[in-house]
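Down below is the structure, laid out as structure tokens.
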Amino acid sequence: MSARILIIGQGLAGTALAWRLRERNTPFVIVDRDEPLTSSKVAAGLITPITGMRLTVSWRYEMFYRDALRFFRDCGKRLKQRFFFPRGYVRLLKNDQELAKWQKRRRDPDMPRFLLPRDPELSTDVFHDPQNGFQQRHAAWLDTTAYLQASRVFFESLDAWRKADVRPEDVHDDADGVTWNAQRFSHVIWAQGWSAQKHPLLHWVPFQSALGTILSVKTDLHGEKRIVNRGCWLLPRNDGTSRAGSTYEWTFNDPNTPSPGQVRNLEATLRALMIAPAEVIATQTAVRPIIKGRQALMGTHPTHPRVAFLNGLGSKGSLRSPWLARHLVEHLLDGAPIDAEMDLQQNSV
Ligand SMILES: Cc1cc2nc3c(=O)[nH]c(=O)nc-3n(C[C@H](O)[C@H](O)[C@H](O)COP(=O)(O)OP(=O)(O)OC[C@H]3O[C@@H](n4cnc5c(N)ncnc54)[C@H](O)[C@@H]3O)c2cc1C
């Protein structure tokens, strides 16, 4: 049959897939169970070149960023709404050890293109000890809630969005395609985030998903618009509130309940960053889909060629989903090979 694709999950992965199919004039139906708190809805949407304790440039950053920039701008134009905002990003160094590490790292050949030569010059009325830091460029944040909601409304207008909790046993695949809800499709793509660890066809994928919490904060930043990080990041949003985060919990009982100790630690780190009073007005928690030792996995199932997956976006869904979705769509529609490092089949056991 000609291509008609069923997408399960309207998080960052599923939404980008739907847009990529739309670009290719390929019909699709996207199904989501419409949970109030998911990883994509909770995410701060940060897109940052130099990350983590190691202070290195994020894996294949330029490749992903180029696609993300164009993709979110095009979506914004089509939906007549802006949800992608390039922003300066200030990283403050915690102590002499981190400063020494940075003095070495800043000489890495791939660093200069992501650094602004000026000192950050943060206000001492807002931040504690705002010296010893550096400014990154080619950083941004995505208003994920606005992007997901506007995309959903658009897909609904195409009659291509459905609310349902799809059980794997209700999706039947054969040599020619897939049947769900009495409808035929050429392929199904499961883009269901961390819930995929319970999918019977994926029992061999080493998921190691992490619970994450972010705080919504009211504070006076004296007009500061840049993202600032020391121990935790603070993101000034356009609605006058800020977000601060985030935690990583590797064991958890409930996908939307953090351990109180983790929230207290995050609040303490925020207080160590800021002099200005910051009132926590909400906390939000969800599970990031992480696959051990992999940046993401995608492709068709080794023994079910009509069943495809895109998962394991970790803490980089905003940056990577546009490129990954394009790559998977090119694989399904044109037979283009999947990048070996992210190929589900080459990583199957
Ligand atoms: C606290 C926190 C902070 C984060 N901050 C950032 C950040 O700053 N920058 C960044 O890039 N990323 C961030 N992330 C990570 C980012 O959110 C993930 O990379 C991304 O959300 C993964 O998207 P996904 O579509 O794979 O999964 P999900 O967002 O989990 O989406 C899956 C969707 O599928 C639906 N679904 C699942 N099973 C079914 C089913 N059987 N039937 C129907 N629907 C189903 C779910 O309801 C959900 O809507 C953060 C995550 C957390 C938790």
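The table below gives the values:
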| item | result |
| --- | --- |
| Region 305-338 - residue that is basic (Lys, Arg) and under 23 Å from Lys41 (Cα atoms) and, of those, surrounded by the most Cβ atoms within 10 Å (Cβ to Cβ) | Arg320 |
| Subset tally (residues that are within 9 Å of the chain's Cα centre (by Cα) and more than 7 Å from the ligand (Cβ to nearest atom)) for region 305-320 | 1 |
| Extreme residue, farthest from Ile338 (Cα to Cα), among residues of region 291-304 that are within 14 Å of the ligand (Cβ to nearest atom) and either surrounded by 21 or more Cβ atoms within 10 Å (Cβ to Cβ) or over 22 Å from the mean Cα position of the chain (by Cα) (or both) | Ile291 |
| Identity of the residue in region 261-286, touching a His at 6+ places or on another chain (Cβ under 8 Å) and in a helix (DSSP H, G or I), that ends up nearest to the ligand (Cβ to nearest atom) | Leu273 |
| Residue check, Phe309 part of a strand (DSSP E or B) and aromatic (Phe, Trp, Tyr) | yes |
| Among the residues listed as Ser58, Ser39, the single one being hydroxyl-bearing (Ser, Thr, Tyr), over 27 Å from Phe185 (Cα atoms) and surrounded by fewer than 23 Cβ atoms within 10 Å (Cβ to Cβ) | Ser58 |
| Matching option when the condition is small (Gly, Ala, Ser), in the same structural domain as Val31 (by TED's automatic domain parsing) and without any contact (Cβ under 8 Å) to a residue 40 or more places away in the chain, among Ala191, Ala182 | Ala182 |
| Yes/no for Trp250 being closer than 26 Å to Glu62 by Cβ, of a type in the set (Phe, Trp, Tyr) and away from the ligand (no atom under 11 Å from the Cβ) | no |
| Residues (crowded, with 22+ Cβ neighbours inside 10 Å and either in the same structural domain as Trp194 (by TED's automatic domain parsing) or not in a strand (DSSP E or B) (or both)) located in region 239-257 | Ser246 |
| Looking only at region 203-221, and only at residues there that are outside any loop (DSSP other than H, G, I, E, B) and away from the ligand (no atom under 12 Å from the Cβ), the one that is surrounded by the most Cβ atoms within 10 Å (Cβ to Cβ) | Val217 |
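Here is a yes/no grid of residues against (1) surrounded by 13 or more Cβ atoms within 10 Å (Cβ to Cβ); (2) part of a strand (DSSP E or B); (3) under 27 Å from the mean Cα position of the chain (by Cα):
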site	(1), (2), (3)
Arg113	no, no, yes
Ser123	yes, no, no
Gln135	yes, yes, yes
Asp159	no, no, yes
Val166	yes, no, yes
Asp176	no, no, no
Arg184	no, yes, no
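Yes or no, residue by residue, for (1) within 16 Å of the ligand (Cβ to nearest atom); (2) in a helix (DSSP H, G or I); (3) of a type in the set (A, V, I, L, M, F, W, C):
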| residue | (1), (2), (3) |
| --- | --- |
| Met1 | no, no, yes |
| Leu6 | yes, no, yes |
| Ile30 | yes, no, yes |
| Asp34 | yes, no, no |
| Ser40 | yes, yes, no |
| Ala44 | yes, no, yes |
| Phe72 | yes, yes, yes |
| Lys94 | no, no, no |
| Lys101 | no, yes, no |
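The values are calculated or read from the model by the stated rules, or taken from the named source; none is laboratory data. What you are looking at is a predicted structure, and each value in this text was computed from that prediction instead of being measured. Note: ideal-geometry Cβ built from the backbone for every residue, glycine included; neighbour counts use all protein chains shown.
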